[in-house]
Every structure is written in C-alpha cells, then in structure tokens.
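Here the structure is laid out as structure tokens; the discussion comes afterwards.
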Amino acid sequence: MEAEIITIGTEILLGEIVDTNTRTLARRLRDIGLDIYRTSTVGDNAERIAQAVQESMKRASAVITTGGLGPTIDDVTREGVAMAFEVETEFSPTLWAQIEKRFSDFGRTPTDNNRRQAHVPEAAVPIENPVGTAPAFIMEASDSCVICLPGVPAEMIYLLEHDVIPYLRKRLTLRGIIKSRVLRTAGLGESVLDKRIADLEQLSNPTVGLSAHPGRVDIRITAKASSEQEADSMIWGVEATLHQRLGENIYGSDRATLEEVIATELRERNLHLYTLEYGTGGALSASFRAHSDIYVGGQFVNRPEDIAQLAALLRSSCAENGAECGMAVVLLEKQAGHQLITHLFLNGDTKSHDRHYQGQFVYPEARAVSLALERFRRMLLASRQDNSESDS
C-alpha cells in the first residue's frame, strides 16, 4: 500500500512558511505501514491542484492533501479536487451548521465568505472539524481515495489521529507497521561511513540509509513487519552489527543530540562546563544553554591576538567560575579554507587540536562546533575508562 502527500499553498512555494505537515503525515503514515514514495507542493491554483491529485491517484492507494480549505478566494482545494473527480461542489447545510456552532462557541458570527467552507465536492464524505472552522472531506474512487485536511498543523494533527488513521486502517485493511530507529554518529564523514556499511545499505527489509548534518551523520534503520515486536527484532539485528562496526562513533539514538549526551555525562559525574569561542557566532554556548545545571557560562574572545593564550585563559576561566572542565573553540577563515583550533580542559588536563580544512567548509560554525563537541565527548569517554581501570 502506498500513499502520497500534497501540500497546498503558494506561501509554501514562496518560502514564506515552512511545511511541517508533510513530515508529521509521513511519520504517522509510516507507523501504520503505508509506504510513501512521493510528496509534492502545489500553489493555490485549482487546475494545478486537480492535475496533481489525478497524477497521485494513479500511483497511490491514498492521497492526502493539506491546506486550501479556508474561507478566502485563494482557498481552492475544494474546487481543485472536484475538478479532479469531474464533479461540482455543493453546499452542505450540515457542515454550515457545524461552522456556525464553532463561531458561536467563540462568541463570534461567521461572515459570508465562511460559507465557502461548507462547500464540498459532490459525493464527498465530510469530516467535522471540532478544533477549527475548516471542515475536511474524503473523496473515494474504486482503487484510491483523496483525503483533504486543513493546513493549520494543530487542526491537521487532530483530524489525522481521530478520523484519518482509523479510516485508512479500515479502508486499506492495514495491519502492518513500519518502524524506524536512528543511530547518531560523529567523527566519520558520510563517504567513510558509507564505505564501512555499504552492504547494509543494500538490504531491502530492514532498509539502512544515511542522512548527513554538519559534522554528524545519522543512520536510519527502517523495518516493515506485521507487528512492533517483529519490527524491533529486525532492527535490533542490524543495530547490533552497526555498533560492532562503528563502536564509539555512535554517540546516541533517535532523539539524542551530541550536546545532550555530553550534558548527561557531566551530570552523572557532577562536573561543570565553561566555554570560550571565537568565530563561531555563539554556536558553542548556544549548544548548552538548555543545560544550566552543568553549564556555568562562557565568553567570546574578541581579539585574535588572544588566541595564542587561549589554553591558559580557558584553565583560569574554569577555575574562576567553578568549572572542572571547559571547551575553547576558534574558527578562522583562511584564503583556501578554514582553521579550527580547539582546547579541551578536563580535571587539570588540557588537549589541544589545530587543523586546517581545505576547500569549501559548508555551514562552518555548526561543523566546527560539532567537531569540537565530538572531541570533547571522546575525552570524557577516555577519562571514564581510565577511572574504571583505576578502580579495578
């Protein structure tokens, strides 16, 4: 079974708003076993909406649209879907009564243009919207269905959970599940990581894929199975292989971040952190602002000539602020690339790195901070291992 998602709105095409609905829908449909091979965005044009819907219906068992169900002239999803099914729109007194009640609950009176929202294509199955004023609807064909949801994320999510998911389970007799697990890695580039796990990326079920971020790479394992237990078993087998091959390059899973992993380690060891930075735009200190229990603060280095004394400044600043560990990150732009200098301080020991990166350094601030964080995480791991060996 396949589904396709169509987001509707010229404001999305113009970059004025970010489409979060596609991500929400894709994840939820994945959970109930629906494959999604294609998503698209269409502007507020009835003819183009109709064309997009017709094309999607040829490929997918379910087509879900979001947006274009409001009261204004440019909300034309109803007309576009009616055009795709070669029918007219019709006024629904039942929907209009529901809309009037919603406005009454707010102590307001609907305007004439709100009546547009009570129009749906002929033969549509209306879906009442108890959390908004834009009713949704479903159009059914012999081998496909089109579900039209409002674009307001909160309304879309409510109707998705309360109406759409139960409808899809029943119509498509969905009993399977698609489950994903993400392993977070740092310290290896995407190409190096790809070479190490290339054979796993050829698997058909579960599948393994990579997603690169500045200084970090995610590995996604996705299994399609008849039950959650079966999917977990399939994922665990691949995950064990990945841990065996990549070892400490894997720093966490799913929603874990490099910053959170470091903060947790410091918290468990009752350690506090201080930071210094230059050329990063404040990205280093921003990484730890949410962890005020272990992050005692930081400062920016304003003068390039101070960089030579940065290691000493880091040690003294940590002492002055009651921090047992610290990070100093300097990012310098060079003619042929960037220079990254890091000083890491932990329990009286300082480790320094000075590396030049040639060529284009994409997202330099984020990448520099990721590299520094990974070096600090490795330092913490080594320190913990040393302590364990001393205790034994």
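The values are calculated or read from the model by the stated rules, or taken from the named source; none is laboratory data. Bear in mind that the values here come from a model prediction, so they are computed numbers and not experimental data. Methodologically, a virtual Cβ is constructed for each residue, glycine included, from the backbone with ideal geometry; neighbour enumeration extends over all protein chains shown. Just so you know, the surface numbers come from the protein's heavy atoms only, side chains and all, with ligands and any DNA or RNA stripped out. Shrake-Rupley method; radii C 1.70, N 1.55, O 1.52, S 1.80 Å.
A few points about this structure:
- Kyte-Doolittle at least -1.0, axis length at least 24 Å by Cα - qualifying DSSP helices, the chain: 228-246, 364-391
- Relative contact order %, the range 1-154, counting alpha carbon pairs below 8 Å whose residues are six or more apart: 25
- Förster radius 30 Å - calculated FRET efficiency between ASP105 and THR10 (Cβ-Cβ, nearest 0.05): 0.45
- Placing unit charges on the Cβ atoms of the charged side chains and taking the dipole of the chain about its Cα centre, the candidate lying farthest along the positive direction among ILE147, ILE8, VAL208 is VAL208.
- Here is how the number arises for the chain: DSSP H runs of 4 or more residues each give -39500 (n - 2.57), the sum is divided by the residue count, and the result at 222 nm is -11500 deg cm²/dmol.
- The lysine pair count for the chain, using Cα distances under 28 Å and pairs eight or more places apart or on different chains, is 9.
- For trypsin sites (Lys or Arg not before Pro), the sites in the range 88-164 that DSSP calls loop and that have at most 14 other Cβ atoms within 10 Å are ARG108.
- Per residue accessible area in Å² of the range 308-392, where ligands, DNA and RNA are left out and the probe is 1.4 Å: 52
- Applying the criteria of a DSSP loop state and at most 13 other Cβ atoms within 10 Å to the chymotrypsin sites (Phe, Trp or Tyr not before Pro) of the range 1-108 yields PHE106.
- Think of the chain as having a plus end and a minus end, set by charges on the Cβ of Lys, Arg, Asp and Glu; of THR89, VAL18, PRO126, VAL18 sits farthest toward the positive end of this dipole.
- Candidate values (1) 4, 18, 21, 18, 17, 13, 6, 1; (2) 4, 15, 19, 18, 15, 10, 7, 5, 4, 2, 0; (3) 5, 22, 32, 24, 10, 3, 2, 1, 0 were compared with P(r) over Cα pairs in 10 Å bins from 0, in percent computed on the shown model; the agreeing label is (1).
- Under-5 Å amide H pairs with GLY298, H placed in peptide plane, nonlocal only: THR275
- When THR109, THR342, THR257 are compared by accessible surface with a 1.4 Å probe, the order from highest to lowest is THR109, THR257, THR342.
- Alpha-carbon centroid distance for the pair the range 14-30 / the range 180-208, whole angstrom: 25
- Contact order relative to length of the range 267-392, as percent, for alpha carbon pairs under 8 angstrom and 6 or more apart: 24
- Label-point gap, in nm, between THR173 and ALA212 - each point 7 angstrom along Cα→Cβ: 4.5
- Whole-number percent relative contact order across the range 30-121, with pairs defined as alpha carbons under 8 Å at least 6 apart: 28
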